[in-house]
Amino acid sequence: MSSSKAQRVGLTNESLAQWIVSEHFERFSEATVVDMAEAYVGLYSNRPTSWLAFLARNQSSELTTAIAMETAPSVVRVPGMRRSKFLLPQSLAATVFAATRLALIKHEWRLQEVGLTLADYQKMLPELIEITSKGPVQLKDIGAALGLIGSQASILTTVATYDGALIRVPSSNLWSNRWLYVAAADEFLSALELNMDLEKCQQAIADRYIEHYGPVSIDDLAWWLAVSKKTARALIAGSGAKEFLPGMWISPTRQERLELHISHPSKAPSTEVRFLPAWDPLLMGYSPGSQQRQCLGLDLIGGFDSAGNGRPVVMLGGQAVATWKSSLSGSKRSISLEHTHCSENQRKVIEAATSVWAEKIGVNYNR
């Protein structure tokens, strides 16, 4: 099927939804955390997103396997797109960090809010690195060692992570974002020195985004990378991507597959139930108002909060049909559904799947 014919046929919402199921779910059915983090240019590092996003795709893996992978030395948590922290392979972390890094002066306001200055930060930095150079250290111990009060230790370590001096390390609590901190490894710092060209680093991760999220629009790339539309347009041009449909771009390596997908649609669309976590890369990978969000029905079920962050979503094949959440009561954690948008048959299917999912991730299911 030629590109011109594909353009005439168009990419319907149903066809695009099936393509997303194939590209975002099915191809990762046997993937590792590193595989996913490389393709997605990072998984959001907040827990439980980091391991839930993996289990939503590789459904044959166990929870213990997911945790072992997301805490392995081969991956690190560093700041990336939109100032968020991402779980990335060591080999890609420095490129993403360099492409999205802000000058240290841009973080001065954080320090000022707790009565510190950039001079204070720079004075304490050598001792901070020394404290954390032998292994992960809790925030309270950092504060005590440096004589900090109130929120000063939290802000100091936050700025140090944005500066590339510290790396966040998860605690033993699988649901907690109470981080420990360790000095950045020499390998990471050395890689940063080799990735000083901002434009080159931006192009590298834009190429990867287009390859693995495509087809995408200029708005999608601008939103995902937090750059202007002018910059996004230049990055798409520099990637060698093809304008598959007006305003929709895809990498040459994916174009033939998408054309085949359109000309030979699946006769049996997926009916797999998947539980995507908040900030899942699929939810955060496309701009508000995009055809991708529309074809999945994400806005119809309240898939995003008022700040534009993806909420935990239940997917039934290529359709978002409900949201879910976890809560803690005493020492017991449970999950529940908000499925008012479901049909009766859909409700039965996802309720049965929720029982299995709850057992898999070690929580109760509140019906």
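The values are calculated or read from the model by the stated rules, or taken from the named source; none is laboratory data. If you're wondering where the values come from, they're calculated on a predicted model, not measured in any experiment. Cβ: placed from backbone, ideal geometry, glycine included. Neighbour counts: every protein chain shown.
Tabulated data for the structure shown
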read-out	value
Residues of region 249-273 satisfying the condition of being of a type in the set (A, V, I, L, M) and either surrounded by fewer than 13 Cβ atoms within 10 Å (Cβ to Cβ) or farther than 30 Å from Ala322 by Cα (or both)	Leu260, Ala268
Some residue of region 151-174 being under 19 Å from the mean Cα position of the chain (by Cα), in a strand (DSSP E or B), surrounded by 14 or more Cβ atoms within 10 Å (Cβ to Cβ) and not β-branched (Val, Ile, Thr)	yes
Criterion (hydrophobic (A, V, I, L, M, F, W, C), touching a residue at least 24 places away in the same chain (Cβ under 8 Å) and surrounded by fewer than 19 Cβ atoms within 10 Å (Cβ to Cβ)) met by exactly one of Leu102, Leu87, Leu11	Leu102
Elements of type strands (runs of 3 or more DSSP E) contained in region 275-367, each with 2 or more residues being within 21 Å of Val216 (Cα to Cα)	319-329
Members of region 220-252 that are part of a helix (DSSP H, G or I) and closer than 21 Å to Leu43 by Cα	Asp220, Leu221, Ala222, Trp223, Trp224, Leu225
Lone unmet requirement of (1) out of contact with any His (no Cβ under 9 Å at 6 or more places or on another chain); (2) acidic (Asp, Glu); (3) touching a residue at least 40 places away in the same chain (Cβ under 8 Å) for Glu38	(1)
Among residues of region 311-360, those that are surrounded by fewer than 20 Cβ atoms within 10 Å (Cβ to Cβ), within 20 Å of Trp51 (Cβ to Cβ) and among the β-branched types (Val, Ile, Thr), counted	2
Filter result (in contact with a strand residue (DSSP E or B) (Cβ under 9 Å, 6 or more places away or on another chain) and more than 13 Å from Phe188 (Cβ to Cβ)) within region 92-101	Thr100
Pairs with Cβ under 8 Å, 6+ apart, first in region 274-303 and more than 23 Å from Ser327 (Cα to Cα) and not assigned by TED's automatic domain parsing to the domain that holds Leu11, second in a loop (DSSP other than H, G, I, E, B) and among the aromatic types (Phe, Trp, Tyr)	Gln292/Tyr286; Arg293/Tyr286
Selected residue [of a type in the set (A, V, I, L, M, F, W, C) and either closer than 28 Å to Ser154 by Cα or in contact with a Leu (Cβ under 6 Å, 6 or more places away or on another chain) (or both)] from Leu174, Leu235	Leu174
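Here's the yes/no breakdown for (1) in contact (Cβ under 8 Å) with a residue 60 or more places away in the chain; (2) in contact with a Gly (Cβ under 8 Å, 6 or more places away or on another chain); (3) surrounded by fewer than 20 Cβ atoms within 10 Å (Cβ to Cβ):
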{"site": "Ile205", "(1), (2), (3)": "yes, no, no"}
{"site": "His212", "(1), (2), (3)": "yes, no, no"}
{"site": "Asp220", "(1), (2), (3)": "yes, yes, no"}
{"site": "Val227", "(1), (2), (3)": "no, no, yes"}
{"site": "Leu235", "(1), (2), (3)": "no, no, no"}
{"site": "Lys242", "(1), (2), (3)": "yes, no, yes"}
{"site": "Gly247", "(1), (2), (3)": "no, no, yes"}
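Every residue, every condition in (1) in the same structural domain as Ser74 (by TED's automatic domain parsing); (2) farther than 18 Å from Ser84 by Cα; (3) at pLDDT below 95, yes or no:
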site: Asn13; (1), (2), (3): no, yes, yes
site: Val21; (1), (2), (3): no, yes, no
site: Ala39; (1), (2), (3): yes, no, no
site: Gly42; (1), (2), (3): yes, no, no
site: Pro48; (1), (2), (3): yes, no, no
site: Trp51; (1), (2), (3): yes, no, no
site: Ala56; (1), (2), (3): yes, yes, no
